[in-house]
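Q: For reference, the structure I am asking about is given below.
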Amino acid sequence: TSLFCVLYILRKMNIVSTQLGNSLYNCVRSNLRWPLWTRSHFTYYPTRMGTGKRMNMFNAINNAMDLALDENKSALLFGEDVGFGGVFRCSVNLRDKYGSQRVFNTPLCEQGIAGFAIGVANTGATAIAEIQFADYIFPSFDQIVNEAAKYRYRSGGLFDCGSLTFRVPCGAVGHGALYHSQSPEAYFAHTPGLRVVVPRGPIKAKGLILACIRDPNPCIVFEPKTLYRAAVEEVPAEYYTSQLGKADILRHGKDVTLIGWGTQVHVLLEVAEIAKSTLNIDCEVIDLVSILPWDAITICTSAKKTGRVIIAHEAPLTQGFGSELASYIQEKCFFAP
């Protein structure tokens with residue numbers, strides 16, 4: 001699991017001795033409650049922002065879209081089963097409130113969903129499109145990377161698809177198999193003209209969605225679906241946005257920097273707690289939040305401070321977005337004169 005892997009790496013980095021690292025590894029393994037462990041591979045660490053309404057992540061996303069539809073009368077919300085509330089219930093009751101002309105189902109055709117969304121945004125209206133699972137976003141890949149992302153450039157600034165947001169449930173839940181478990185954020189990080197973000201919980205999800213809907217660039221919000229119900233926080237009721245392109249330092253430390261996004265943030269926070277309480281290793285934990293553009297200043301400042309970095313993500317190791325981070329950090333922080 002991710003927890004074991006990070007603990008193993010901490011040991012190999014000589015932050016702790018091999019003997020002490022083995023002791024920690026075996027201690028964690030022997031204290032697992034297997035029924036709980038098989039239900040979820042992480043412990044959720046909520047963000048706190050004072051008072052608010054208790055919501056899980058799909059409630060917070062529903063609230064964000066409700067506010068967006070209410071504020072912007074041109075906004076349309078659509079996707080497979082969206083009119084019924086969606087398979088994860090993120091759009092529940094919105095069709096009843098705003099009508100079937102603004103909240104509606106689409107055919108089972110991701111390429112068509114993306115193409116229609118681009119057309120809606122190009123006319124100046126606001127498009128909020130759901131791709132039901134990230135694993136099925138690939139039929140729409142050409143529309144997103146060759147049309148939406150390049151529309152402003154190819155028209156010399158005359159046209160754009162700025163008011164376009166794709167919501168995309170992603171990541172593993174433990175039983176999704178090959179078509180319901182993927183994390184494809186790295187594919188889109190190679191495309192200028194897009195914004196790509198991944199929330200870690202309800203407060204961030206609401207703020208990021210509202211920020212993306214207002215942003216003048218086409219945006220993709222990858223939502224870790226295992227957090228839809230597992231993540232619960234006190235979410236502010238008012239309209240607010242989270243800054244795009246900005247990482248969050250969730251725990252300050254001096255010995256090693258741990259970087260993740262989405263669900264992996266909670267794995268790393270748990271690692272940091274164990275490392276501190278058991279080995280007195282002081283970990284700095286950073287939620288990258290934004291994949292494109294990513295916050296190089298925050299990441300490099302931390303890397304230079306601690307001198308050690310561990311990056312964790314759910315996507316495949318080869319050419320995952322962690323490769324970009326590792327390469328940049330190595331060049332700018334550890335090899336720089």
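Q: Picking from A303, L94, G79, whose Cα lies most toward the positive end of the charge dipole for the chain (charges on Cβ: Lys, Arg +1; Asp, Glu -1)?
A: A303
Q: Mind ranking 46-53, 83-90, 100-107 by how tightly packed they are, going by the mean number of other C-beta atoms within 10 angstrom, highest first?
A: 83-90, 100-107, 46-53
Q: Could you list, in their original order, any pairs among K97/K204; K225/K304; K204/K254; K53/K276 whose Cα atoms are separated by more than 29 Å? The partial results should precede the final answer.
A: Details: K97/K204 25 Å; K225/K304 34 Å; K204/K254 26 Å; K53/K276 32 Å.
The pairs that break the limit, which is 29 Å between Cα atoms, are K225/K304; K53/K276.
Q: Using the charge dipole of the chain (Lys, Arg: +1 at Cβ; Asp, Glu: -1 at Cβ; taken about the Cα centre), state which of P293, A134, G156 has its Cα farthest towards the positive end.
A: P293
Q: Answer with one residue from I144, N63, F334: the one whose Cα lies farthest towards the positive end of the charge dipole of the chain, charges on Cβ with Lys, Arg +1 and Asp, Glu -1.
A: F334
Q: Given +1 on the Cβ of Lys and Arg, -1 on the Cβ of Asp and Glu, and no further charges, what dipole in debye does the chain carry about its Cα centre, rounded to the nearest 20?
A: Numbers: 32 positive and 29 negative charges, 138 e Å.
I would put it at about 660 debye.
Q: Need the list of aspartates and glutamates near K305 for cross-linking: C-alpha distance under 13 angstrom, and skip anything on the same chain fewer than eight residues off.
A: Within reach: D255, D282, E284.
Q: Taking only protein heavy atoms into account and a 1.4 Å probe, give the accessible area per residue of the stretch 53-235 in Å².
A: Numbers: 7050 Å² over 183 residues.
Roughly 39 Å² per residue, with all protein chains present.
Q: Roughly how much of E185 is accessible, in Å² to the nearest 10, using a 1.4 Å probe?
A: Counting only protein heavy atoms, E185 exposes about 10 Å² to solvent.
Q: Just from its helices, what would the mean residue ellipticity at 222 nm be for the chain, if runs of 4 or more DSSP H residues each count -39500 (n - 2.57) and the sum is divided by every residue, rounded to the nearest 500 deg cm²/dmol? Provide the component values of the computation, followed by the final result.
A: Values: 13 runs with 125 residues, N = 337.
Value at 222 nm, helices only: -10500 deg cm²/dmol.
Q: Moving to a separate point now. Give me the compactness ratio for the stretch 53-235, meaning the Cα radius of gyration over 2.2 N^0.38 Å.
A: Values: Rg = 15.1 Å, N = 183, 2.2 N^0.38 = 15.9 Å.
Rg over 2.2 N^0.38 Å, computed on Cα atoms: 0.95.
Q: If you don't mind, there's one more thing I want to ask. Over its Cα atoms, what ratio of radius of gyration to 2.2 N^0.38 Å does the stretch 47-153 give?
A: That ratio works out to 1.13.
Q: Sticking with this structure for a sec: Rounding to the nearest 10 and keeping the result within 0 to 90°, find how far the Cα-based axis of helix 2-12 lies from the longest principal axis of the chain.
A: 40 degrees
Q: Once the other residues with Cβ under 13 Å from the Cβ of W261 are scored (Lys, Arg +1; Asp, Glu -1), what is the net sum? Walk me through the numbers on the way to the answer.
A: On the way: positive: R200, K204, K246; negative: E185, E223, D248, D287, D295, E314, E324.
With Lys, Arg at +1 and Asp, Glu at -1, the neighbours total -4.
Q: Another question, if that's okay. In 10 Å bins starting at 0, how do the alpha-carbon pair distances of the stretch 246-333 split up by percent?
A: With a bin width of 10 Å, the distribution comes to 18, 55, 25, 2.
Q: In degrees between 0 and 90, to the nearest 10, how far off the longest principal axis of the chain does helix 18-30 point, with axes built from Cα atoms?
A: So the inclination is approximately 50 degrees.
Q: If you don't mind, another one. Can you give me the % of accessible surface on the chain that is carbon or sulfur? Probe 1.4 Å, all protein chains present, nothing else counted.
A: Details: 8010 of 15040 Å².
Carbon and sulfur together cover 53 percent of it.
Q: Show the residues, 5+ positions off or on another chain, whose built amide H is closer than 5 Å to the amide H of E223.
A: V168, C170
Q: Out of the DSSP beta bridges found with both residues in the chain, what percent are antiparallel (nearest 5)? Display every interim value, and only then the final one.
A: Values: 9 of 38 bridges.
Rounded to the nearest five, the antiparallel share is 25 percent.
Q: Order these peptides, 144-150, 284-290, 170-176, by their mean beta-carbon neighbour count within 10 angstrom, highest first.
A: Listed from highest to lowest mean packing, they are 284-290, 144-150, 170-176.
Q: Take the Cα atoms of the stretch 185-337, build their convex hull, and give its volume per residue in Å³.
A: Numbers: hull volume 18.7 nm³, N = 153.
That works out to 123 Å³ per residue.
Q: Follow-up question, since we're still on this one. Just how large is the dipole of the stretch 53-235 about the Cα centre, in debye to the nearest 20, putting +1 at every Lys and Arg Cβ and -1 at every Asp and Glu Cβ? Mind dumping the intermediate values first?
A: Working: 18 positive and 17 negative charges, 76 e Å.
Taking the Cα centre of the stretch 53-235 as origin, the dipole is about 360 debye.
Q: Report the Rg/Rh value for the stretch 136-197, based on alpha-carbon coordinates and the Kirkwood definition of Rh. Please report the intermediate quantities before stating the final value.
A: On the way: Rg = 13.8 Å, Rh = 13.0 Å.
Reported Rg/Rh, Kirkwood definition of Rh: 1.06.
Q: Around V309, which amide H atoms from residues at least 5 apart in sequence, or from another chain, sit under 5 Å from its own amide H, with H modelled in the peptide plane?
A: T257
Q: Need one number: convex hull volume per residue for the chain, Cα atoms only, in Å³.
A: On the way: hull volume 46.3 nm³, N = 337.
Hull volume over Cα atoms, normalised by residue count, gives 137 Å³.
Q: Quickly rank 255-264, 134-143 as a protection proxy: mean count of other C-beta atoms within 10 Å, highest first. Don't skip to the end; give the middle numbers.
A: On the way: 255-264: 27.2, 134-143: 18.5.
Sorting 255-264, 134-143 by mean packing, highest first, produces 255-264, 134-143.
Q: Considering Cα pairs under 8 angstrom that are at least six residues apart, work out the relative contact order of the stretch 53-235 and quote it in whole percent.
A: Values: 381 pairs, mean separation 49.9, N = 183.
Here the relative contact order equals 27 percent.
The values are calculated or read from the model by the stated rules, or taken from the named source; none is laboratory data. Everything quoted here is computed from the prediction, not taken from an experiment. Methodologically, a virtual Cβ is constructed for each residue, glycine included, from the backbone with ideal geometry; neighbour enumeration extends over all protein chains shown. Accessible surface areas use protein heavy atoms only, side chains included; no ligands, DNA or RNA. Shrake-Rupley method; radii C 1.70, N 1.55, O 1.52, S 1.80 Å.
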